[in-house]
Every structure is written in structure tokens, then in C-alpha cells.
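Student: Please read through the structure below; I'll follow up with questions.
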Amino acid sequence: MSALRERMALALPLGVLALAVISVPAMVFGPDGLSRHRRLSAQLVAQRQENQRLARELIQLRRELDAMANDPRAVERAVREAIGWVRPDELIVEVPSLPRGGR
């Protein structure tokens, strides 16, 4: 019986080692392994950059909203830009742009 126990005591760790040698590379290089991790990491970086851009845009929009609520000049400026509003005493002068490469 002790010979059988000695073989089992040796076989069990060797079996676990053999299983690890086969399964670990399969998991690392499989579809849910290293390549997926890299792809998800790249997506995470891109998403964080997009979130930062949107946060900056949100801050700018909140400033514009606050200006529209509290500053009559901001409202006038927005109306002028949106519909081309001009005061009766203003004179409009259009300056044609030069073609590219010309003087």
C-alpha cells in the first residue's frame, strides 16, 4: 500500500503541473486571453479620452447657459450669430475672399 501512496503522491503534483502547462497557454493565447485584454484596454483608453472631451464640452455648454440666463449681451450675440440680426444703425460691408493661392 505504501508504494501506491508514493506513486499517487508523485502522480498528483505531476498531473496538476501537466494540466497547468497545457491549460495556461491555451487561456492566455485563446480568444478570451491576452488579445482580448489588449483590445479592451485600448477601448478603455479611448472611452476615457471621449469622456474627458465630453466633460470639457459640458463645462463650456454650462457656461453658455449661465451667460444666456444672466447676460443680455450674450443673448444678443447668440441672436446675431444665429439669424444674422443687425441693428438699424449698423452698416454691413461684405468683403469677398480671395481664391486660394491668389493675391
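Student: Among 74, 82, 78, 67, which is the only one that is free of Cβ contacts under 8 Å to residues at least 24 places away in the same chain and loosely packed, with under 10 Cβ neighbours inside 10 Å?
Tutor: None of the other options fit; the residue is 82.
Student: Which of (1) on the phi > 0 side of the Ramachandran plot; (2) under 24 Å from the mean Cα position of the chain (by Cα); (3) not basic (Lys, Arg) does residue 33 not meet, given it meets every other one?
Tutor: Failing condition for residue 33: (1).
Student: Need at least 1 residues that are at pLDDT 85 or above and among the charged types (D, E, K, R) per element, so show me which helices (runs of 4 or more DSSP H) inside the chain make the cut, counting only ones lying wholly within it.
Tutor: Filter on the chain gives 34-70, 72-83.
The values are calculated or read from the model by the stated rules, or taken from the named source; none is laboratory data. What you see is a predicted model, and the numbers here were worked out from it, not measured in a lab. Note that each Cβ is placed from the backbone with ideal geometry, even for glycine, and that neighbours are counted across all protein chains shown.
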